[in-house]
1. Just the residues that are closer than 24 Å to W290 by Cβ and acidic (D, E), please, taken from segment 1-60.
2. Return yes when E261 is open to solvent by less than 70 Å² (accessible area, probe 1.4 Å) and of a type in the set (D, E) and no when it is not.
3. Please find, among S40, S31, S105, the residue that is closer than 25 Å to R210 by Cβ, assigned to a helix (DSSP H, G or I) and either polar (S, T, N, Q) or more than 22 Å from the chain's Cα centre (by Cα) (or both).
4. Name the pairs: first residue in segment 208-219 and at negative phi and charged (D, E, K, R), second residue surrounded by 15 or more Cβ atoms within 10 Å (Cβ to Cβ) and assigned to a helix (DSSP H, G or I), Cβ to Cβ under 7 Å, at least 6 apart or on different chains?
5. Would you say V332 is closer than 13 Å to C242 by Cα, in a helix (DSSP H, G or I) and either of a type in the set (S, T, Y) or at pLDDT 95 or above (or both)?
6. Can you say whether E108 is within 20 Å of H166 (Cβ to Cβ), touching a residue at least 40 places away in the same chain (Cβ under 8 Å), in contact with a Pro (Cβ under 8 Å, 6 or more places away or on another chain) and charged (D, E, K, R), as far as the supplied structure shows?
7. Can you tell me which residues in segment 120-142 are crowded, with 23+ Cβ neighbours inside 10 Å and under 12 Å from I5 (Cβ atoms)?
8. Might you let me know whether segment 98-112 holds any residue that is open to solvent by 60 Å² or more (accessible area, probe 1.4 Å), charged (D, E, K, R) and modelled with pLDDT of 95 or more?
Amino acid sequence: MHIDILSEQEVAVLRELMAASSNIVIVCHKSPDGDALGSSLAWAEYLRVCHGKEPVTLVPDAFPDYLLWLPNSEKLIRYDKNPERGDLLLKTADLVFCMDFNESSRTELMQATLDACAAQKVMIDHHLDPRMDTVLTVSHPELSSTSEIVFRIVWQMGGFEAMKKHFAVPVYCGMMTDTGSFTYNSTYPEIYFIVSQLLTKHINKDLIYRKVYNNYSHWAIRLRGYLMCEKLKVFEEFHASCFSLSAKEMRDFHFVRGDMEGLVNEPLRIKGLKLSISLREDDRKENLVWVSLRSVDDFPCNKMAEEFFNGGGHLNASGGRLYCSLEEAEKVAVKAIQSYAEILKK
């Protein structure tokens with residue numbers, strides 16, 4: 001099966017960059033998820049095993065506890081905890097790989113230093129509209145995840161045979177989490193060929209699933225039940241739903257990062273539902289609400305995210321933020337649903 005994605009020129013450029021660089025830094029977006037971490041850790045492993053490099057992986061801030069088990073996650077450096085070291089790493093880097101983000105603003109605290117970094121930059125990403133000045137941009141929004149892109153590059157460059165679990169596990173985790181366990185963005189045969197190849201590295205895909213999705217505290221389970229029972233609003237006429245979580249409710253249920261992972265997908269189990277929106281009040285900053293959108297079939301939640309929630313993303317999985325109270329955010333969500341009534345009612 002043909003899964004190559006680089007041109008001959010791009011392969012040559014990438015090989016030359018890796019060969020000529022000694023101080024390599026890998027960075028990903030703020031609040032890194034399974035794909036951001038999976039693609040970063042897998043790419044770092046490839047550079048170590050196949051090119052003899054010792055890359056440093058720099059993440060802007062904390063990531064969910066359910067990803068702490070990923071191989072080599074202990075080597076990650078958090079910029080928010082070590083800003084001086086992070087700045088020095090970027091200032092002395094000669095090559096920076098930008099993983100799973102399309103513009104530097106998505107690194108937030110790191111943005112100024114990343115923008116000022118004189119190193120050559122390579123973007124590997126699957127989000128729309130790449131907007132960074134790079135020597136090489138590998139952007140494929142049509143693919144499931146950045147982790148899938150990493151696999152395809154490594155495969156094309158002949159590195160997969162040398163890879164073991166420390167590569168295969170994060171790639172599978174990234175692909176799994178960015179597709180809702182292969183329930184969206186995954187309807188082409190190549191993705192299952194890739195999964196079949198990852199399984200040859202003796203990964204336990206069922207264990208990976210359990211470590212990500214069956215790893216909650218009892219408080220997290222109670223919170224999820226509370227949100228679905230007490231907070232879920234279903235707009236049957238529009239085949240849409242919305243639920244919100246306040247900072248107070250987060251404190252009441254001892255919320256930790258990751259407790260809502262995947263919950264925005266749950267309302268899509270309702271018969272006929274096309275769109276699900278979740279709103280989460282930031283527990284540290286006032287008038288900041290984080291928005292997640294999920295949809296089925298051809299409903300463009302990425303366009304809704306751009307138009308109403310200062311965000312974007314993919315056709316069926318997008319996000320954004322609002323700078324207002326949670327109550328005002330709920331009104332914006334209702335307005336967004338009503339504005340797309342014609343499409344949602346079909």
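The values are calculated or read from the model by the stated rules, or taken from the named source; none is laboratory data. What you see is a predicted model; the values in this text were computed from it and never measured. We place every Cβ from the backbone using ideal geometry, glycine too, and count neighbours over all the protein chains shown. What goes into the accessible areas is simple: the full protein's heavy atoms, side chains included, and nothing from ligands, DNA or RNA. Shrake-Rupley method; radii C 1.70, N 1.55, O 1.52, S 1.80 Å.
1. Answer for segment 1-60, where residues must be closer than 24 Å to W290 by Cβ and acidic (D, E): D33, D35.
2. Working: open to solvent by less than 70 Å² (accessible area, probe 1.4 Å): yes; of a type in the set (D, E): yes.
It is true that E261 is open to solvent by less than 70 Å² (accessible area, probe 1.4 Å) and of a type in the set (D, E).
3. S40
4. Correct list of pairs: K211/Y66.
5. yes
6. Values: within 20 Å of H166 (Cβ to Cβ): no; touching a residue at least 40 places away in the same chain (Cβ under 8 Å): yes; in contact with a Pro (Cβ under 8 Å, 6 or more places away or on another chain): yes; charged (D, E, K, R): yes.
So E108 does not fit the description; no.
7. Across segment 120-142, the qualifying residues are I124, H126.
8. The answer is no, given that none of the residues of segment 98-112 is open to solvent by 60 Å² or more (accessible area, probe 1.4 Å), charged (D, E, K, R) and modelled with pLDDT of 95 or more.
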